[in-house]
Structure formats: structure tokens, C-alpha cells
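Written out below as C-alpha cells is the structure these notes cover.
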Amino acid sequence: MVVVPKPKQIRSEKALKSAVKYILNPDKTDEQVLTSGYHISNINYADVEMNYTRILARKMIGRQNKQVLAHHLVQSFRPEDGLSPEEIHQIGREWVEELTGGSNEYIIGTHIDKNHIHNVRPDRVLSQVV
């Protein structure tokens, strides 16, 4: 069984940086073995890259109003689901690919520091910017 709480909106650069730091925490992700990124060249600087994408999109369309920078999503699994952390990480990647249509940047970290393994990620949803 998968539990997915309501996504949190990330509206500031400071909140995005904090979310990236939390998601990629080496103590939670087996020293970042259980982390991935898409359309991100260096996941440790994902917040910077996502912000550059936002700036570029704003310049292209000429809008300067406040927008949601990213969404912070959590996908939790029960211990009795019998899935390995690697399987859960792959499920999370497939899920976010489906949500974004495979065209948006994101990072994902699978946290194994609790009894319930869970995927966390901020997703940059460009359709909200353009």
C-alpha cells in the first residue's frame, strides 16, 4: 500500500534549497546511493538549476509574478509491502515520470532511515510557470 499525502507547494528559493538538502540527506539516502535526478546535471545543486529554469521561463513569456517554484511530494510504503529500497526508488521514479509526462526536471531521494521507506522529491512543474 502506498500513502501519498497532499503535495506541498514550494514558493521561495530558500524553501527550495531546504527541500533539496532534506531530500538528498546522505544519512537518509544511503550516502546518496538512493538519489536520482532528471533534467538536472548535478543533483546537489538542483535548487539552483530549478531556479535558473524558472528565470528562463519567465524571460521567455515576460511574466514576473510569483509562482510555485516546485512541489514537494512524499510517497510512503509500509514495511509489510516487502519491497527493497531499490525497488521503492524505481517505483518513485516511474511515478514522477508519469506525473510530469517525462518532460520536467526533478530529483528524488528514497529515505531508509525510518521503518516506513519513502520517496521524497521536489518536482519542477514548468506548466505552472509558462
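The values are calculated or read from the model by the stated rules, or taken from the named source; none is laboratory data. As the structure is a computational prediction, the values presented were derived from the model and not from experiment. Backbone-built Cβ (ideal geometry, glycine too); neighbour counts: all protein chains shown.
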What number of residues within the stretch 68-99 are at negative phi, surrounded by fewer than 19 Cβ atoms within 10 Å (Cβ to Cβ) and either in a loop (DSSP other than H, G, I, E, B) or of a type in the set (S, T, N, Q) (or both)?
-> 6
Reported set for the stretch 84-102 where residues are more than 14 Å from LEU34 (Cα to Cα) and among the hydrophobic types (A, V, I, L, M, F, W, C) is TRP95, VAL96, LEU99
Identify, by number, the condition in (1) touching a Leu at 6+ places or on another chain (Cβ under 8 Å); (2) closer than 20 Å to ILE10 by Cα; (3) modelled with pLDDT of 90 or more that PRO85 doesn't meet.
-> (2)
Those residues of the stretch 1-49 that are in a loop (DSSP other than H, G, I, E, B) and at pLDDT 90 or above come to a total of 15
Restricting the stretch 12-37 to residues that are in contact with a strand residue (DSSP E or B) (Cβ under 8 Å, 6 or more places away or on another chain) and under 14 Å from VAL48 (Cα atoms), which is surrounded by the fewest Cβ atoms within 10 Å (Cβ to Cβ)?
-> GLY37
